[in-house]
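The values are calculated or read from the model by the stated rules, or taken from the named source; none is laboratory data. Note that the structure is predicted; figures quoted are calculated from it, not measured. Cβ sites come from the backbone with ideal geometry, for glycine too, and all protein chains shown count toward neighbours. The area values use the complete protein model at the heavy-atom level, side chains included, leaving out ligands, DNA and RNA. Shrake-Rupley method; radii C 1.70, N 1.55, O 1.52, S 1.80 Å.
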Amino acid sequence: MRLLQQLTIIFIFLYSLGLKAKAEELFIVRQRLQNATTELQCFYNGPQDKSVGLAWILPAGVRRANESHQRWKHKSSESFIRGHFEYYGTVWDSTNSMHVKNNILPPVLDERWNEFNEVQTAPNENFQLLSRFTTNRLHLSILAKNDAQIALQTGDSAHTSISYLITLDPSYQTPGSLNLELCPGGVSRERSSHRCSLLTKTDSRDSASLLKNGKEWTHFTISIEEEHSLAHRIKMIDSTSGKILLDYRKQPAYHRLPSGISVRTLDSTGSWKIHAYRVVIHNAKEDGEGFNVNEVSKPTNSCLHIHYFFRAGFGKALVRTKDGSVTIELEPTNGKWRHAIIRAPMNPPSDYLHFIPPFGPHLHFVDTVFAINQPFRVCGEEEFFTSKIVLPEGTDPTNTVCQTISSEADEQYAAVHGTIFTEKNKNNDCPRNTFGKYCNITCGSVMSDKSCQSKVQCDKAICTCLPGYMPTNKWETTCSTVTAEQATIAPQQTESPFLAVEDEDISINKQSSEEYIDSEAEYTQESREQNRSYVIWWIVGITCSCRAATVNLHLGRAYGIAD
């Protein structure tokens, strides 16, 4: 009994049904607005411990007016966590990923991907600068059919300075080809005037397009290093599969290493994203015990989203509450970023979460061992992620595709179709004013118009009117009123969605955190049962004297960490 009194009592509540994780769903909701523009919103609703990005693939000639992304939560704003997190510490380097020395950080293939700036290139235009860099490793994402050119330049312009030129899927070669050229006087603006010399080229054995024929986003990693004897080594890898596409040494190389990356497309349009983000890297010194993350809000249990990188074999990385009652051990991430949801009791504003990374003299000359992405984000319960675009007046949205962005080999897709499914389908089993596989999203919570009647839901296979409505001849703008057989009606939402705007962050973490939306939906008991997901809550009930509890987060399953 005495031993039990000395231990911290921790209750782990498994919020699930049948010990099964909530299945993933991806779909697009389309709506014609009053000004004749079309709003498309892509929904990813899945396990809470999984983080994916959402990307759009538009038909040829279609341009979007704007794009935004949001993280929403299903339940009432009364339990919604507002605020931001600040960190303090002297043993951490806060920097941009484009300036990390000896960079071994992996590509960002999760919802943070949506935050990267997107650059559009028209056929056969001049190079556009993506970024300056001092790092030795770059990650970029490309959407283009062929002839995607990447210039690694030593000066201000790829057209006037010594540059390495990489061409993916040249239209005059077999699909899957890649060329590396050296352009001592810069890359010519005119295709007919070629002043570069071919260094090497590779061909795909199976003639598979590196760019996947422009039908989906592709991701690549480029490393540029200076080796002994004035040699430059350029390496290019498929970020998803890890396949080495190019590994070339230029020796001797009398010019300096590239410091800028520019892009263009020759025979197709292109979309580009460079993976540039804020990151906090531990410098392995022992002049401190980590850093604290303070919460500026009023919840009794804090919830923190983090994406972290941790190499195995270098000790332990821990998260601990201020009073030491809860200690959570972060697992190594196996060369990838990992998404973690950390829930722990806090008493703001003086309370904090304390991050303790591996450190010691033996790590001083080792490449990055532990890193966390900025900014830190608060989280709520049962969240889902969306990306919204608006198409100009008169634009036909047919064949517009939404794609997940992840490190998995096979992505998920949803598309806007030119016809509508006229039969009753599984989505019509939801109460009116709700939709989705778990009937947990309300019409007025996430779209410009509260009415379900003007919305159409599309997945990979079909488009259909939302629950309670049937298609008409004008289904693209409106569906018919509720049918008599729809007896179950969910409560109407009477207020606008709750938007939690975080206070300005005056700490070193200066980037504004993501806004979160609360849908304020009330559910039937049936929909609540369906919507239970595989999430672990840490609830510290009674804290007695002495010992703290240590929890090991295993493989992203039991404690909310995604692989």
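Both radii were evaluated on the Cα set of region 124-230; the Rg over Rh quotient, with Rh as the Kirkwood radius, amounts to 0.95.
Sorted on the mean count of surrounding Cβ atoms within 10 Å across their residues, most packed first, peptides 142-150, 405-413 read 142-150, 405-413. You can think of it this way: the chain between residue 462 and residue 188 has 94.0 nm of extra reach, that is 0.36 nm per residue less the Cα-Cα gap.
Taking a ≥ b ≥ c as the square roots of the eigenvalues of the Cα gyration tensor, region 167-243 is classed as oblate, since a/c reaches at least 1.5 and a/b does not exceed b/c. With protein chains left intact and a 1.4 Å probe, residues in region 389-479 average 40 Å² of accessible area per residue. Computed from Cα atoms alone, the Kirkwood hydrodynamic radius reported for region 157-294 is 17.5 Å. For residue 219, the shell of other residues with beta-carbons less than 13 Å away shows a net charge of -1, using +1 for Lys and Arg and -1 for Asp and Glu. For region 247-281, backbone nitrogen atoms closer than 12 Å to the point 7 Å from residue 124 Cα along Cα-to-C-beta are found at 266-268. In this structure, the residue pairs whose Cα-Cα separation is over 19 Å, taken from 73/388; 215/273; 437/474; 336/388; 388/455, are 437/474; 336/388. Here each label is just a point 7 Å from Cα along the line to Cβ, and for residue 366 and residue 207 those points are 4.8 nm apart. For the peptides 28-38, 336-346, the ranking by mean Cβ contacts within 10 Å, running from highest to lowest, is 336-346, 28-38.
With a cut-off of 15 Å between beta carbons, the residues surrounding residue 170 carry a summed charge of -1, where Lys and Arg count +1 and Asp and Glu -1.
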